[in-house]
1. For the range 251-378, what is the Kirkwood hydrodynamic radius in Å, using each pair of distinct C-alpha atoms?
2. Rule-of-thumb check for the range 335-463: C-alpha Rg over 2.2 N^0.38 Å?
3. State the antiparallel share, in %, of DSSP beta bridges confined to the chain, rounding to the nearest 5.
4. Using unit Cβ charges (K, R positive; D, E negative) and no other charged atoms, how large, in debye to the nearest 20, is the dipole of the range 280-377 about its Cα centre?
5. Give me Rg/Rg_expected for the chain, where Rg uses Cα atoms only and Rg_expected = 2.2 N^0.38 Å with N residues.
6. Output the relative contact order of the range 151-210, whole-number percent, from Cα pairs under 8 angstrom with separation of 6+ residues.
7. Return the whole-Å distance between the Cα centroid of the range 114-144 and the Cα centroid of the range 281-327.
8. Mind checking the range 203-259 for trypsin sites (Lys or Arg not before Pro) that DSSP puts in a loop (not H, G, I, E or B) and that have at most 14 other Cβ atoms within 10 Å?
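Values in this text are rule-based calculations from the coordinates and carry no lab data. Computed from a prediction, not measured in an experiment: that's the story for all the values here. A quick note on method: Cβ atoms are made from the backbone with ideal geometry, for glycine too, and the neighbour counts reach across all protein chains shown.
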Amino acid sequence: MKHFPIFLSVEDRKIALSGGGDAALAKLRLLLKTEANIVVYARQAAPEIKAWAADRMIDWVQRDFTAGDASGAVLVYAANDDEAVDRAVIDIARAEGVLANHVDNLSNSDFITPAIVDRDPVTVAIGTEGAAPVLARAIKADLEERLPRGLGTMARVGKLFRKFAEALPMGRARRAFWSEYYFQTGPLAFDKDGEEGLGEALGALFTKHLSKTAEAGHVTFVGAGPGDPELLTVKARNALHDADVVIHDRLITPEILELARREALIVDAGKEGFGPSTPQGDIDVMLVKYAAEGHHVVRLKSGDATVFGRLDEEIDACADAAIAYSVIPGITSASAAVASVGQSLTRRGRNSSVRLITGHDVKGYAEQDWRSLASDGEVAAIYMGKKSARFLQGRLMMHGASPQTPVTIVENVSRPNQRIVASQLSHLPEDLADASLTGPALILYGLAPRNAELITQTLEEVAQ
Ligand code: SAH
């Protein structure tokens with residue numbers, strides 16, 4: 001982000017604009033939506049500007065912008081449509097310490113004016129840093145259509161009611177009240193009786209919510225997929241959006257955490273195979289504690305929560321404390337990893353079963369049924385296997401696996417830094433060492449990447 005969006009306080013403050021033609025008019029139409037004191041500097045002005053000045057909506061100073069004119073202003077616009085003149089205006093503004101915008105000249109501007117969807121006091125500002133004005137217009141058109149026309153009025157009336165709403169317990173109860181107002185009761189009342197109807201509807205709704213008994217908390221175990229936020233299920237997204245508390249794994253990406261509500265408490269309960277960790281017991285206690293306080297707790301686990309996720313221990317903790325819970329399945333990294341190499345986990349005539357195995361467990365390197373895994377055509381997705389490559393290789397070869405058995409390592413599955421390493425059993429430890437993996441990696445035993453070039457191409461096409 002090269003530009004940081006903010007909402008600037010302009011009420012009763014001066015905004016100076018230099019110019020009297022079309023570029024000036026376009027900006028003034030936007031600025032007139034504000035409660036700023038707008039001062040236009042122009043020797044000649046379009047009829048609209050003269051009319052606005054006559055109606056005292058703006059001040060028109062009938063001369064060029066000169067030194068001293070920026071002082072006391074919060075913003076300066078150079079809108080003369082004349083490169084040299086506008087540059088001079090910008091220089092004056094900068095010398096006088098005021099943020100300046102050179103219309104249609106991004107590089108000479110301190111700020112840019114976004115496309116605006118106006119449902120005052122609800123304002124949506126859309127910017128593309130000059131990269132794609134078409135996109136900004138399309139987003140604006142989309143939002144204009146979607147946001148009900150009464151939204152601004154509803155928000156204004158709602159704001160007056162905020163003090164009363166504090167009588168409702170903070171968190172879920174209060175949110176449920178506001179959500180029903182904005183998305184059900186409010187729009188209905190506004191359509192029926194306009195602004196007049198809103199106050200009464202709010203009052204009635206408030207009484208109804210006040211008499212509700214406090215809701216019990218609950219825990220939702222959510223599989224967050226391998227990292228790409230687009231691989232979340234709709235249910236997972238909704239749960240995240242609704243959560244009061246989010247307790248997450250080390251492997252959850254920031255892009256996914258971004259989808260939680262801003263007020264939600266986010267707790268990092270990272271566990272690392274060989275590093276520092278939050279003890280499982282502490283996580284269990286935390287889940288129960290927050291839910292018992294009446295919160296909606298989302299326990300966010302990478303991939304699918306039921307695969308190497310210690311889900312059962314956490315469910316037991318909830319059950320023992322009589323806390324209600326539900327589980328939302330996610331895309332496990334094995335599914336996402338095979339997708340990225342164009343293979344299937346099972347294939348008719350090759351393998352009719354697939355194993356999800358772990359490279360290490362509580363006792364160290366994990367033992368498996370090596371003999372059957374060593375047969376031709378077998379496929380296994382090996383989780384947490386980075387450190388156990390030599391052990392896996394030894395066990396499998398000892399039980400007769402072919403040294404040429406394909407093995408594919410997929411690091412950071414589904415993330416922008418995803419890496420695919422094609423190897424085979426005979427030199428798996430060396431290839432793994434050479435790859436110097438730093439992210440989570442899944443080892444696909446018995447599968448080679450297929451049509452790697454084609455797959456990437458398709459992805460790029462999709463991205464376009
Ligand atoms: N519940 C998770 C697995 C948790 S165990 C799931 O269903 O995917 C942690 C292991 O999962 C990691 O050591 C790694 O082997 C694998 N893993 C998780 N996310 C991954 C990712 N984005 N890329 C590659 N491997 C991943």
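1. On the way: mean 1/r = 0.0572 Å⁻¹.
After inverting the pairwise mean of 1/r, the radius is 17.5 Å.
2. Values: Rg = 14.3 Å, N = 129, 2.2 N^0.38 = 13.9 Å.
Ratio of Rg to 2.2 N^0.38 Å for the range 335-463: 1.02.
3. On the way: 24 of 64 bridges.
Here the antiparallel bridges make up roughly 40 percent for the chain.
4. On the way: 10 positive and 13 negative charges, 132 e Å.
The dipole of the range 280-377 has a size of about 640 debye.
5. Numbers: Rg = 30.3 Å, N = 464, 2.2 N^0.38 = 22.7 Å.
In units of the globular-protein estimate, the chain measures up at 1.34.
6. Details: 39 pairs, mean separation 24.8, N = 60.
Contact order relative to length: 41 percent.
7. That distance is 40 Å.
8. On the way: sites: K208, K212, K235, R237, R250; in loops: K212, R250.
Filter output for the range 203-259: K212.
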